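Just below is one structure, and these are the notes that go with it.
Where a number appears in this text, it was derived from the coordinates with a stated rule and is not lab data. As the structure is a computational prediction, the values presented were derived from the model and not from experiment. Every residue, glycine among them, receives a Cβ derived from its backbone with ideal geometry; neighbour counts consider all protein chains shown.
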Amino acid sequence: MHKQIFVNLPVRDLKRSMTFFKALGLAFDPAFTNEDAACLVIGENIFAMLLVEPFFRTFTDKALVDAHESVETLICLSCESRAEVDELVAKALAAGGRAPRAPQDHGFMYGHGFEDLDGHIWELVHMSAEAA
C-alpha cells in the first residue's frame, strides 16, 4: 500500500503560486522547497510539488499543457463540511483564482472548485453519509 501522494504541477511564478496557496491557509515544507520547487502540504500524507516550468520539463519529454486552455487532470480534495468547501473557494477567489462553474448540490454530495493562478482545477467536495 502506498503511504503518500505527491502531485507534480508546473507553475510559471513559484513565489506568486506560494502566496496564493498560503492565502488558502496551506503551508509548505521548507525541507523540500527551493527556487525550483515548493512542497505544498495538503494533508497528512498528501502533497503537491509546485515546480517551475523549466524544472518540470526535466521530468518529461512531452509538451506541457497550458492549464488555462486544456485540462489534463482534476484534483479533488474532500472537505469536512459544505461550509469548508465554500470557505476555501472564497479564499481562492480573493487570492486571484477563479471559479470555473457554480457549486453543485447533489444532496448527498456538495462540491465546488477553483482554478489556481496557473489554471489547475481544484475540486472540493463534501459527502454526507446521512444524506446518502
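Neighbours of PHE20 by Cβ distance under 15 Å: Lys/Arg scored +1, Asp/Glu scored -1, total +2.
Considering helices alone, the calculated mean residue ellipticity of the chain at 222 nm is -6000 deg cm²/dmol, with DSSP H runs of length four and up weighted by -39500 (n - 2.57) and normalised per residue.
Entry note, the range 37-88: relative contact order of 19 percent, from Cα contacts under 8 Å with a spacing of 6+ residues. With springs connecting C-alpha atoms under 10 Å apart, model the chain as a Gaussian network and identify which of HIS112, HIS120, HIS68 has the largest mean-square fluctuation. Result: HIS68 has the largest fluctuation of those listed. What does the net charge come to around SER81 if you take all other residues with beta carbon closer than 13 Å to its beta carbon, with K and R at +1 and D and E at -1? Counting the neighbours of SER81, the net charge comes to -4.
Here LEU93 and MET127 are evaluated by their C-beta separation; at R0 = 22 Å the FRET efficiency comes out at 0.45. Helix 82-94 and the longest principal axis of the Cα set of the chain meet at an angle near 40°. Between the range 1-32 and the range 74-132, what is the C-alpha centre distance in whole Å? Using only Cα atoms, the two centres lie 18 Å from each other. Seen against the Cα atoms of the chain and their longest principal axis, helix 14-23 is set at about 20 degrees. Per-residue Cβ neighbour counts within 10 Å put THR19, THR33, THR58 in the sequence THR58, THR19, THR33, beginning with the fewest. Only lysines eight or more places from LYS22 in sequence, or on another chain, were considered; those with a Cα closer than 22 Å are LYS91.
Under the Kirkwood approximation applied to all pairs of distinct alpha-carbon atoms, what is the hydrodynamic radius of the range 52-92 in Å? Its Kirkwood hydrodynamic radius stands at 13.1 Å. The P(r) of the chain has a tail past 27 Å containing 20 percent of all C-alpha pairs. Note on the chain: antiparallel DSSP beta bridges, both residues inside, total approximately 60 percent of the bridges counted. Remark: relative contact order (the chain) = 23 percent; criterion is Cα-Cα distance under 8 angstrom and separation of 6 or more residues.
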